[in-house]
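What follows is a short report on a single structure.
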Amino acid sequence: VSLHKPEIKLESLKEDIKDFLKTSGWEKKLQNAVYSELNMFPSPCHPAAPPEHMKEPLAYMRKAQGSWEKRILKSLNSMCTELSIPLAQKRPVNEQKELLNKWNEMGTDEPDLSLFRPVYAPKDFLEVLMNLRNPNYENGEQPSFRNHLGLIQVPLKVKDIPELKEDFSELGLNIGQLGIDDSAQVPPEFFENEHVRVGQKVLAEQDSAAAQQYVRQGCPTALRADLWALILNISNQPEDILYYEQLKSNVIQHDLLVDSLIYKDVKLTASNDDYYFVFEDYLYQVLLCFSRDTSVLEHFTYSSATPPKSYIQGKLGMEEYAVFYPPNGVIPFHGFSMYVAPLCFLYHEPSKLYQIFREMYVRFFFRLHSISSHPSGIVSLCLLFETLLQTHLPQLFYHLREIGAQPLRISFKWMVRAFSGYLATDQLLLLWDRILGYNSLEILAVLAAAVFAFRAVNLMEVTSLAAAEAVLADLSTLKVMPLLQIFLFATVT
């Protein structure tokens with residue numbers, strides 16, 4: 001339309017478009033969209049690399065992920081058969097009405113879930129990771145790797161403390177942080193007031209990259225919801241709200257077997273949690289909609305995982321009768337709902353809460369339950385955790401190993417859930433600020449090692465796995481930022 005205006009000249013078209021983008025605010029929107037893509041997609045492979053390398057470059061990792069997926073499917077299918085429940089069916093009209101009426105109080109509904117069991121728990125997944133081997137390293141021929149005495153036996157490159165210090169330089173002892181009460185350099189209230197002022201400016205600018213840099217020092221509580229949305233490029237436009245409503249109507253119309261797994265998981269985890277039980281209804285809404293969301297399938301282009309397929313009855317193996325199941329390709333496991341629970345503190349509008357969770361999932365959380373060589377993948381995090389402990393607390397590491405209390409057996413569940421449900425919520429949100437700020441999950445492994453360092457004296461006295469677990473059973477009093485700072489910047493290297 002603008003092109004027909006008399007004041008638009010062809011010779012100055014390029015400049016006019018640039019000016020229009022600036023004045024209309026579209027320049028910022030485009031920059032944020034590009035930045036968002038760059039944050040998610042892996043850097044381009046070698047042009048001759050086959051497409052599966054974009055998912056995962058190491059063949060033995062792809063193979064292990066494939067056989068793990070088969071196991072999960074087998075577990076799901078045998079549950080179907082045992083309970084003679086179909087994977088999906090249309091809800092009768094009266095059931096649809098009932099569900100619609102109680103959409104906002106699904107927590108009061110108590111379906112009988114005694115026969116359902118989680119498809120897998122983190123400890124089953126850990127057993128799989130412990131058995132991973134690179135076939136090219138027969139019997140651990142590589143000398144440097146033979147010294148690794150942890151449970152993870154694959155040679156991946158992980159960072160040492162000097163590299164981590166460099167990567168997480170904004171957590172340095174002489175830099176102001178939210179979540180540190182007594183920084184010697186700067187009085188906390190002075191830092192906080194100034195930090196809030198800068199945060200408001202970052203929000204006014206609406207620049208995703210600036211917001212991401214800003215939250216490395218922590219988010220002020222009042223600004224966190226808006227800053228996270230800016231980093232994740234979520235604006236909750238009318239079309240987003242409409243999309244969420246469509247997902248909701250899919251939930252109302254069709255009953256999936258995974259719905260019962262979601263119900264069961266919320267009941268076993270969030271409903272028993274002092275912080276999160278009040279959000280039970282939100283969790284059902286978000287997770288049930290999430291399971292129907294086919295846009296989540298896009299993340300499988302850069303995830304080592306592959307969405308499971310189901311075949312229409314009697315058409316097994318015929319590709320034209322295959323559908324992804326569940327529609328988003330993600331089978332929930334024990335503790336899955338804890339990825340959503342902390343976000344309920346920040347977002348009270350269901351469609352916005354939904355979008356933030358979906359974005360957090362396709363950027364970060366999927367890496368915590370798939371087998372890959374990615375630096376933020378769970379295998380690398382386990383290896384990083386074990387290497388940090390073995391290098392910096394060798395006595396503690398050997399002691400725990402000798403008494404059959406391998407540290408990873410204790411810390412694995414913290415990392416798989418990104419510490420959700422283990423830390424107090426205010427501390428968890430400070431930790432997740434840094435995940436977003438650094439666009440990396442490596443900080444989870446550093447924190448896990450820091451917790452062991454903090455409780456080292458008590459742990460040196462235990463004589464069994466149960467006793468070690470008891471020492472680390474309650475993390476709700478821990479202060480995340482001092483732990484990380486001391487471990488990274490006060491450890492003698």
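The values are calculated or read from the model by the stated rules, or taken from the named source; none is laboratory data. As the structure is a prediction and not an experimental result, all values here were calculated from the model. As a convention, Cβ positions derive from the backbone with ideal geometry for all residues, glycine included, and neighbour counts pool all protein chains shown. SASA here: full protein model, heavy atoms, side chains in, ligands and nucleic acids out. Shrake-Rupley method; radii C 1.70, N 1.55, O 1.52, S 1.80 Å.
Among the residues making up segment 397-417, a single one is in contact with a Leu (Cβ under 6 Å, 6 or more places away or on another chain) and farther than 19 Å from Glu127 by Cα: Phe397. Among residues of segment 439-465 that are touching a residue at least 12 places away in the same chain (Cβ under 8 Å) and under 18 Å from Lys159 (Cβ atoms), those with a beta-carbon under 9 Å from a residue that is open to solvent by less than 10 Å² (accessible area, probe 1.4 Å) and of a type in the set (Asp, Glu) at least six positions away or on a different chain give the pairs Ala445/Glu386; Ala449/Glu386.
Determine if segment 327-337 includes at least one residue that is on the phi < 0 side of the Ramachandran plot, under 21 Å from the mean Cα position of the chain (by Cα), not in a loop (DSSP other than H, G, I, E, B) and not assigned by the TED database to the domain that holds Val196. Yes, that holds for at least one residue.
Candidates Leu156, Leu126: the one that is at pLDDT 90 or above and assigned to a helix (DSSP H, G or I) is Leu126. Is it true that Val379 is of a type in the set (Val, Ile, Thr), farther than 25 Å from Arg224 by Cα and touching a helix residue (DSSP H, G or I) at 6+ places or on another chain (Cβ under 8 Å)? For Val379, the condition - of a type in the set (Val, Ile, Thr), farther than 25 Å from Arg224 by Cα and touching a helix residue (DSSP H, G or I) at 6+ places or on another chain (Cβ under 8 Å) - is met. Scanning segment 51-67 for residues that are assigned to a loop (DSSP other than H, G, I, E, B) and out of contact with any Lys or Arg (no Cβ under 8 Å at 6 or more places or on another chain) gives Pro51, Pro57, Leu58. The criterion of at least 2 residues that are under 18 Å from Leu472 (Cβ atoms) and either open to solvent by less than 10 Å² (accessible area, probe 1.4 Å) or aliphatic (A, V, I, L, M) (or both) is met by the following helices (runs of 4 or more DSSP H) wholly inside segment 349-410: 378-392, 394-402.
Among the residues that make up segment 440-448, is at least one of them in a loop (DSSP other than H, G, I, E, B) and surrounded by 20 or more Cβ atoms within 10 Å (Cβ to Cβ)? Yes. Would you be able to say whether some residue in segment 185-204 is under 30 Å from His374 (Cβ atoms) and surrounded by 17 or more Cβ atoms within 10 Å (Cβ to Cβ)? Checking segment 185-204: at least one residue is under 30 Å from His374 (Cβ atoms) and surrounded by 17 or more Cβ atoms within 10 Å (Cβ to Cβ).
Looking across segment 420-435, the residues that are assigned to a helix (DSSP H, G or I) and not charged (D, E, K, R) come down to Thr425, Gln427, Leu428, Leu429, Leu430, Leu431, Trp432, Ile435. Of all residues in segment 358-379, those that are closer than 16 Å to Phe125 by Cβ and touching a residue at least 12 places away in the same chain (Cβ under 8 Å) have Cβ atoms under 6 Å from Cβ atoms of residues that are among the acidic types (Asp, Glu) and crowded, with 23+ Cβ neighbours inside 10 Å, 6 or more apart or on another chain, in Ser372/Glu56.
When you go through (1) assigned to a helix (DSSP H, G or I); (2) open to solvent by 20 Å² or more (accessible area, probe 1.4 Å) one by one for Asn233, which number turns out not to apply? Exception for Asn233: condition (1). Could you grab the pairs with beta carbons closer than 7 Å, sequence gap of 6+ or different chains, first residue in segment 242-266 and surrounded by fewer than 21 Cβ atoms within 10 Å (Cβ to Cβ), second one among the aromatic types (Phe, Trp, Tyr) and not in a helix (DSSP H, G or I)? Final answer for the pair search is Ser260/Phe116; Lys264/Phe116.
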